[in-house]
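Colleague: Here's a structure for you.
Just so it is clear, none of the values below were taken in a lab; they were calculated from the coordinates. All of these numbers come straight from a predicted model, not from anything done at the bench. Glycine gets a Cβ as well: all are built from the backbone with ideal geometry, and neighbour counts include every protein chain shown.
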């Protein structure tokens, strides 16, 4: 878990920072917790934490946004790929595996930062087939996110 925590926190502000307790909490409530490893070193190259919704007692403005609008969904809380593994298809593989574990949920929900802008993630989600369904300011207006869904 320490390596995943480091990967996560090196990806800030694309994802929110976590502590050890946060990672432990996610491991207990996640619908899906996927880890991809480098073939040559077996070291983690990326991970995805997915939740089912609604129903998780989670203090996330973005998760709550989807809970208010969808009766049933799976939600990508975070996906992180190590920079040295970018372009290797790891993000696509993590998302594909998450979709296959969606257990009949009708939509996959995610959000991507518009402020600070995360163009790499915006392009990825568009290419994967996600459609924008809204935007919201978070963290007192210091962030703005685009809300995305993929019909399953």
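Colleague: For the range 68-103 and the range 118-152, what is the separation of their C-alpha centers, rounded to whole Å?
Modeller: When both Cα centres are located, 13 Å separates them.
Colleague: Based on the Cβ-Cβ distance from residue 97 to residue 139, what FRET efficiency comes out when R0 is 35 Å, to the nearest 0.05? Please list the in-between numbers first.
Modeller: Numbers: r = 30 Å, r/R0 = 0.85.
Taking R0 as 35 Å, the efficiency between residue 97 and residue 139 is 0.75.
Colleague: To continue, here is another question. To the nearest 500 deg cm²/dmol, what mean residue ellipticity at 222 nm is calculated for the chain from DSSP H runs of n ≥ 4 alone, each contributing -39,500 (n - 2.57), summed and divided by the residues? Can you show the working numbers first?
Modeller: Values: 5 runs with 47 residues, N = 152.
Value at 222 nm, helices only: -9000 deg cm²/dmol.
Colleague: Which log10 I(q)/I(0) values, to two decimals, does the range 69-122 give at q = 0.13, 0.20, 0.28 Å⁻¹ under the Debye formula with one point per Cα?
Modeller: -0.39, -0.84, -1.19
Colleague: Give me the tail of P(r) for the chain as a percent: Cα-Cα pairs with distance above 24 Å. Walk me through the numbers before you get to the answer.
Modeller: Values: 3111 of 11476 pairs.
Cα-Cα pairs in the chain separated by more than 24 Å: 27 percent.
Colleague: Based on the mean of other beta carbon atoms within 10 Å per residue, what is the order of 43-55, 120-132, most packed first? Each step should come with its number before you reach the end.
Modeller: Details: 43-55: 20.2, 120-132: 15.5.
Listed from highest to lowest mean packing, they are 43-55, 120-132.
Colleague: Per residue, how big is the convex hull around the C-alpha atoms of the range 21-74? Give it to me in cubic angstrom, could you? Please report the intermediate quantities before stating the final value.
Modeller: Working: hull volume 4.8 nm³, N = 54.
Expressed per residue, the convex hull around the Cα atoms of the range 21-74 is 89 Å³.
Colleague: For the range 43-85, place one equal point scatterer on every Cα, skip the solvent, and apply the Debye formula. What is log10 of I(q)/I(0) at q = 0.15, 0.19, 0.20 Å⁻¹?
Modeller: One equal scatterer on each Cα of the range 43-85 leads to -0.44, -0.60, -0.63.
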